[in-house]
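Laboratory data are not the source of any read-out in this text; all were calculated from the coordinates shown. In this text, all values refer to a predicted model and were calculated from it rather than measured experimentally. Cβ atoms come from the backbone with ideal geometry, glycine included; neighbour counts cover every protein chain shown.
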Amino acid sequence: MDPLSIGITCPQRSFYERDTSVVARDLLGKKLVRLLAGNSRDQERLVGIITETEAYGGEDDPASHAFHGYTPRNSIMFERCGLSYIYFIYGMYHCMNVSARSKTKQAGAVLIRSILPIEGINRMMVHRNLKNIGDVANGPGKLTRALLIDKSHNGLDLTDCTCSLHIENGKTPRRILAAPRIGISVGTEMDWRFKLS
DNA sequence: CTACCGATTATCT
DNA sequence: GATAATCGGTAGT
């Protein structure tokens, strides 16, 4: 089915071509969408409202993967904005980011830390082998597993509504909380973690 | 080539 | 609160 014909729109590339912390804040309330392959007329949609994000910069941000410059792993952070940057961490989890940066920067990304499932919830629970819905996707490693996201999805165009992984527009949230980023040992001064409250 | 360690999570005490 | 699980990427030799 044609996404446009049923009123689905995606933030376009210019949305991501802004200061990384601004993009991180504005991603709250948007939808993270995973289309599972199947009958092409009937792809299963796994969808969650983005409820928590973190902004990461380039060589100016000691907590960023891009702090030491370009490497094979972080190459997407230097690529076009609006692409998925997915990496493997702690030997067992994947984390998903969106490449983003203002014109003056050379690298950046926004980590998606948490989503609120709204479509395909049962399927997510199967992927996570859970029986209670509460914790299905409320963490960066949890949501990638719930949506079956791994390194094979690195570098996908999230502005493309037909892509197996993309981001769709949603309701603009009312209250947003800013706080220090977590899970890092440096660069904790800035309030670059954003959360729906 | 080697050694270290991480943008995490589940499962303990 | 503390810790084990588990391995690829990276920096340093």
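Cross-link pairs exceeding 25 Å between alpha carbons, from the set A:142/A:195; A:131/A:171; A:142/A:171: A:131/A:171. By the count of other C-beta atoms within 10 Å, a proxy for reagent exposure, A:128, A:174, A:113 are ordered fewest to most as A:174, A:128, A:113. Using Cβ point charges alone (K and R +1, D and E -1), the dipole size of chain A about the Cα centre works out to roughly 420 debye. Of the residues A:102, A:164, A:14, which exhibits the maximal mean-square fluctuation in a Gaussian network model of chain A defined by a 10 Å Cα contact cut-off? Among A:102, A:164, A:14, the largest mean-square fluctuation in the Gaussian network model of chain A belongs to A:14. Using a Gaussian network model of chain A whose springs link C-alpha atoms within less than 10 Å, name the residue from A:131, A:151, A:31 with the highest mean-square fluctuation. Its mean-square fluctuation being the largest, the pick is A:131. The local environment of residue A:120, defined by Cβ-Cβ distances under 9 Å, has a net charge of +1 under the rule Lys, Arg +1 and Asp, Glu -1.
Under the rule a/c < 1.5 gives rounded, and otherwise a/b versus b/c splits prolate from oblate, where does region A:72-197 land using the Cα gyration tensor? Because its axes are fairly even, with a/c under 1.5, region A:72-197 counts as rounded. Comparing A:91, A:134, A:57 in a Gaussian network model of chain A, where Cα atoms under 10 Å apart are tied by springs, the biggest mean-square fluctuation is seen for A:91.
Is the shape of region A:70-116 best called rounded, prolate or oblate, per the rule: a/c under 1.5 gives rounded, else a/b larger than b/c gives prolate, else oblate, with a ≥ b ≥ c the square roots of the Cα gyration tensor eigenvalues? Here region A:70-116 falls in the oblate category.
Whole-Hz Karplus values for region A:113-129 come out as 8, 7, 9, 9, x, 10, 9, x, 5, 4, 5, 4, 5, 5, 4, 9, 6 Hz, taken residue by residue from phi with 6.51 cos²θ - 1.76 cosθ + 1.60 and θ = phi - 60°; glycine and proline positions read x.
The aspartates and glutamates whose alpha-carbon is closer than 12 Å to the alpha-carbon of residue A:105, local same-chain residues fewer than 8 away aside, are A:17, A:19, A:59, A:60, A:61, A:79. Scanning residues 5 or more positions from residue A:133 or on other chains, none has an amide H under 5 Å from its amide H, with H placed 1.01 Å from N in the peptide plane. Sequence-distant contacts, meaning Cα pairs under 8 Å at least 6 residues apart, place the relative contact order of region A:38-172 at 26 percent.
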